[in-house]
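Peer 1: Next up is a structure, given as structure tokens.
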Amino acid sequence: MKKVILIAYEGRVKGEENPFETVGEERPLAVVLGARDLLPALEEEISSMKEGEEKEVELPPEKAFGERRSDLIVIIPEREFRKRGIRPYPGLPIEADGRTGRVLAVSAGRVQVDFNHPLAGKTLVYRVKVVKKIEDMEEAAKHLFRRFFTYEPEEVSFKGGVLKVSYVFSREADRIEPVFVGYILSNFDDVKEVRMEKIYRRREEPKEGAGESTSQ
């Protein structure tokens, strides 16, 4: 089984005080080494760390999100947005041709869009702690489920190459489930099959008069 670790970290741009991302020890992030969950240069640093170890890692742009590229700043006619019922404004995030960008400016019927990563051209500093190294497939699946679904599974078992996960159905579950299953099958050769069991629970309606004071 691939190495699975729980990490807590804070990422910030060098020279700036406020972090752009923080993951605390009370709810660490489950990471599968070799699954491209992290920037390659950051993963390389983390892979040699021991459980409980902390480290500060500095990544120049070429090891983070690359240098800013002028060719990724493009002009799109405003009418193309109007055709799709979109009113462009500075800061608007957009998706186009499989790329994510944001509107920089709107002027004279033209929209300037930046497809550079927001952190491109910046040196990043990560303060990382390896909270725990996980050797057990069931435990790894529980933490990875929480990472994808953002809540806890009801039950997880792994036997004979079959991973079974029971969970309470949520509105986003149908969209997330195939992504989670694909991730597990792609990264754990010892998992031959994944069985997902949805649990549907009756929503309890508040009883009439509940919480009302009976005092006169």
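Peer 1: Give me a count of the residues in region 158-209 that are over 23 Å from Asp37 (Cβ atoms), among the hydrophobic types (A, V, I, L, M, F, W, C) and in contact with a Phe, Trp or Tyr (Cβ under 6 Å, 6 or more places away or on another chain).
Peer 2: So the count comes out to 1.
Peer 1: Is it the case that some residue within region 161-170 is outside the structural domain of Val32 (by TED's automatic domain parsing), in a loop (DSSP other than H, G, I, E, B), closer than 23 Å to Arg27 by Cα and of a type in the set (Val, Ile, Thr)? Reasoning before the result, please.
Peer 2: If we filter region 161-170 for residues that are outside the structural domain of Val32 (by TED's automatic domain parsing), which is where we start, we get 161-170.
Filter once more, so that each one left must be in a loop (DSSP other than H, G, I, E, B): 161, 169-170.
Next cut, closer than 23 Å to Arg27 by Cα only: 169-170.
This time we only want the ones that are of a type in the set (Val, Ile, Thr), so: none.
No.
Peer 1: Select from region 18-69 the residues that are among the hydroxyl-bearing types (Ser, Thr, Tyr) and at pLDDT below 95 and write down the one among them that is surrounded by the fewest Cβ atoms within 10 Å (Cβ to Cβ). Break it down into steps so the answer makes sense when it comes.
Peer 2: Of the residues in region 18-69, the ones among the hydroxyl-bearing types (Ser, Thr, Tyr) are 22, 47-48.
Then keep just the ones that are at pLDDT below 95; that gives 47-48.
Values: Ser47: 14, Ser48: 9.
So, considering only residues that are among the hydroxyl-bearing types (Ser, Thr, Tyr) and at pLDDT below 95, the one surrounded by the fewest Cβ atoms within 10 Å (Cβ to Cβ) is Ser48.
Peer 1: Another question, if that's okay. Is it the case that Ser166 is closer than 14 Å to Glu138 by Cα and either at pLDDT 95 or above or touching a His at 6+ places or on another chain (Cβ under 9 Å) (or both)? Steps first, please.
Peer 2: Working: closer than 14 Å to Glu138 by Cα: yes; either at pLDDT 95 or above or touching a His at 6+ places or on another chain (Cβ under 9 Å) (or both): yes.
Here the answer is yes, as Ser166 does meet what is asked.
Rundown of residues vs (1) outside any strand (DSSP E or B); (2) under 29 Å from Gly11 (Cα atoms), yes/no style:
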| site | (1), (2) |
| --- | --- |
| Ile76 | no, no |
| Glu80 | yes, no |
| Tyr89 | yes, yes |
| Glu95 | no, yes |
| Thr100 | no, yes |
| Gln112 | no, yes |
| His117 | yes, yes |
| Lys122 | yes, yes |
| Tyr126 | no, yes |
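The values are calculated or read from the model by the stated rules, or taken from the named source; none is laboratory data. The model shown is predicted, which means the values in this text are computed figures rather than measured ones. In this analysis, Cβ positions are derived from the backbone assuming ideal geometry, glycine residues included, and neighbour counts consider all displayed protein chains.
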